[in-house]
Amino acid sequence: MASEKFIPYARQYVDDEDIAAVTKVLGSDYLSTGPAVTAFEEALAKKVAARHAVACSSGTAGLHLAMLALGIGPGDAVVVPSITFLATANVVRHVGAEVAFADVDQATGLMEAVDVEAALERAGKKKVKAVIPVHMGGQCADMAAIARVAEINGLHVIEDACHAIGSLQYGKAVGGCEHSRMAVFSGQPLKTIVMGEGGAVTTNDRDISDRMARLRNHGMVRERELFADKELSLDANGEANPWAYEMHEPGFNYRASDLQCALGLSQLEKLDRFVSRRRKLADLYDTLLAPLAPVVRAVARAPECEAAWHLYQVLVDFDRIGIARSEMMRQMREEGIGTQVHYIPVHRQPYYRQRYGETSFLSGAEAFYENCLTIPLFFGLEESEVDRVVRSLSLVTGRS
Ligand SMILES: *Cc1c(COP(=O)(O)O)cnc(C)c1O
């Protein structure tokens, strides 16, 4: 019914506390690179039990900083699952390395250790320097298994955790980096916590954290003990010049502002509430969707993971019901329900096809893509709206 409120597939939740936190920064001395940045970094590191967190301007910037800090560059290759957002693969190209696309499990959309091994074989083990598992929808790629393959082959592991803030694996928060060098988060408005735009990288490695912090600010070094050019940076008494800074490698302006970090910090304080609500709604979907199987099924559950459910994805047997996904999405839209597809396999993008040619070996990614549909899930979603979504799905798939 057109008169009913439109339900998007995702929506941010920003309350008066968040607004007050940002407003306070606006009236303060620092709009950027001030105390809110440090406070956000400390709170995030604590929340996920990592030693360090580096805030930055986006999740993409975080992934790029990770590549740069590990020294990945031309001649190297990095394994990336084909079911992910463009950014996960693009950052590999931004440092001049090649993307070795990996397949995913067609029931979960997650890259598995065997997929990493297959990608390594195809790309040539010597070239591959890193792997970026993606925690699709908030479910976790099997980090222990992937870390074993990585260790045998000398790969760095960087978690694309942009969907997984608040998720637990093996009972521990994603971002603690037990099985990785770094984990990257995003504060883009459709993610579980928002910063407007923004992101952060967590790590337990001090050197990597320091290097990322420099690279997000043009590569600037301000510490006296790190100065390499005494003539340039020190005065006659060996003191640092008051204006001194050095640049040892060029970086970027990937800073997060105090406005973004104040919002991020205020949102982080609500994370537990956000996640428990998302889990409750996901459980409700599971129950209400059960009668639609096998035509409509929730994505399979990854073991050892308590997902924060950034997305709720179903797999639909479109062939069996004889309706195209595009048509189904249009019909649901007419009923006031937003849906989305996460994601078009990145290896299918014209740029990557042109660079790497046709690929026939990513059948799990192709199958996941053919069937997946993201239905509404967000903190402010009502139980009655979950009901409406399921009724609409039943109708358009001819199950009721
Ligand atoms: C959102 C997202 C990114 C990029 O984050 P931005 O903050 O938008 O730059 C990267 N990877 C995945 C899986 C994402 O969902």
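The values are calculated or read from the model by the stated rules, or taken from the named source; none is laboratory data. What you are looking at is a predicted structure, and each value in this text was computed from that prediction instead of being measured. Backbone-built Cβ (ideal geometry, glycine too); neighbour counts: all protein chains shown.
Quick grid of which residues meet (1) within 16 Å of the ligand (Cβ to nearest atom); (2) surrounded by 14 or more Cβ atoms within 10 Å (Cβ to Cβ); (3) not charged (D, E, K, R):
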position: 27; (1), (2), (3): no, no, yes
position: 37; (1), (2), (3): no, yes, yes
position: 40; (1), (2), (3): yes, yes, yes
position: 47; (1), (2), (3): no, yes, no
position: 56; (1), (2), (3): yes, yes, yes
position: 63; (1), (2), (3): yes, yes, yes
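Please go through segment 81-106 and give me each residue that is touching a Ser or Thr at 6+ places or on another chain (Cβ under 6 Å) and not aliphatic (A, V, I, L, M), ordered by number. If the condition is that a residue be touching a Ser or Thr at 6+ places or on another chain (Cβ under 6 Å) and not aliphatic (A, V, I, L, M), then 101 is the only one that fits. Any idea which residue in segment 304-342 is nearest to residue 279 (Cα to Cα), counting only those that are touching a residue at least 24 places away in the same chain (Cβ under 8 Å) and among the hydroxyl-bearing types (Ser, Thr, Tyr)? The qualifying residue nearest to residue 279 (Cα to Cα) is 312. The condition (being of a type in the set (A, V, I, L, M), farther than 28 Å from residue 273 by Cα and under 18 Å from the mean Cα position of the chain (by Cα)) is satisfied by just one residue among 193, 165, 132, 208: 132. Counting only residues that are crowded, with 24+ Cβ neighbours inside 10 Å, within 11 Å of the ligand (Cβ to nearest atom) and farther than 20 Å from residue 89 by Cα, segment 181-196 holds 2 of them.
If we keep just the residues of segment 79-98 that are aliphatic (A, V, I, L, M) and more than 14 Å from the ligand (Cβ to nearest atom), which is nearest to residue 249 (Cα to Cα)? Among those residues, the one meeting the criterion is 95.
Test residue 134 against the criterion of being without any contact (Cβ under 8 Å) to a residue 60 or more places away in the chain and within 13 Å of the ligand (Cβ to nearest atom), and give yes or no. Explain how you work it out, then say what you get.
Values: without any contact (Cβ under 8 Å) to a residue 60 or more places away in the chain: yes; within 13 Å of the ligand (Cβ to nearest atom): yes.
So residue 134 fits the description; yes.
To keep it simple, each residue is scored yes or no on (1) crowded, with 19+ Cβ neighbours inside 10 Å; (2) at pLDDT below 95; (3) touching a helix residue (DSSP H, G or I) at 6+ places or on another chain (Cβ under 6 Å).
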site	(1), (2), (3)
297	no, no, no
301	no, no, no
304	no, no, no
307	yes, no, no
311	yes, no, no
314	yes, no, no
320	no, yes, no
333	no, no, no
336	no, no, no
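Can we say residue 199 is within 11 Å of the ligand (Cβ to nearest atom) and buried (at least 24 other Cβ atoms within 10 Å of the Cβ)? Answer is yes for this residue. Restricting attention to segment 140-172, the residues being closer than 19 Å to residue 308 by Cα, crowded, with 22+ Cβ neighbours inside 10 Å and of a type in the set (A, V, I, L, M) number 5.
Just to be sure before I move on: is residue 24 of a type in the set (Lys, Arg) and in contact (Cβ under 8 Å) with a residue 40 or more places away in the chain in the structure I sent? The answer is yes for residue 24. Output the residue which, of all residues in segment 292-324 that are of a type in the set (Asp, Glu) and part of a loop (DSSP other than H, G, I, E, B), is farthest from the chain's Cα centre (by Cα). Here the residue is 317. Annotation note: Cβ proximity below 8 Å between a residue of segment 239-251 that is under 8 Å from residue 220 (Cβ atoms) and a residue that is in a strand (DSSP E or B) and of a type in the set (A, V, I, L, M) (sequence gap 6+ or interchain) occurs for 245/220; 245/221; 246/220; 246/221; 247/220; 247/221; 251/220.
Would it be correct to say that residue 93 is charged (D, E, K, R), farther than 15 Å from residue 134 by Cα and touching a Gly at 6+ places or on another chain (Cβ under 9 Å)? Here the answer is no, as residue 93 does not meet what is asked.
The residue that is farthest from the chain's Cα centre (by Cα), counting only those in segment 12-56 that are among the polar types (S, T, N, Q) and over 15 Å from residue 271 (Cα atoms), is 28.
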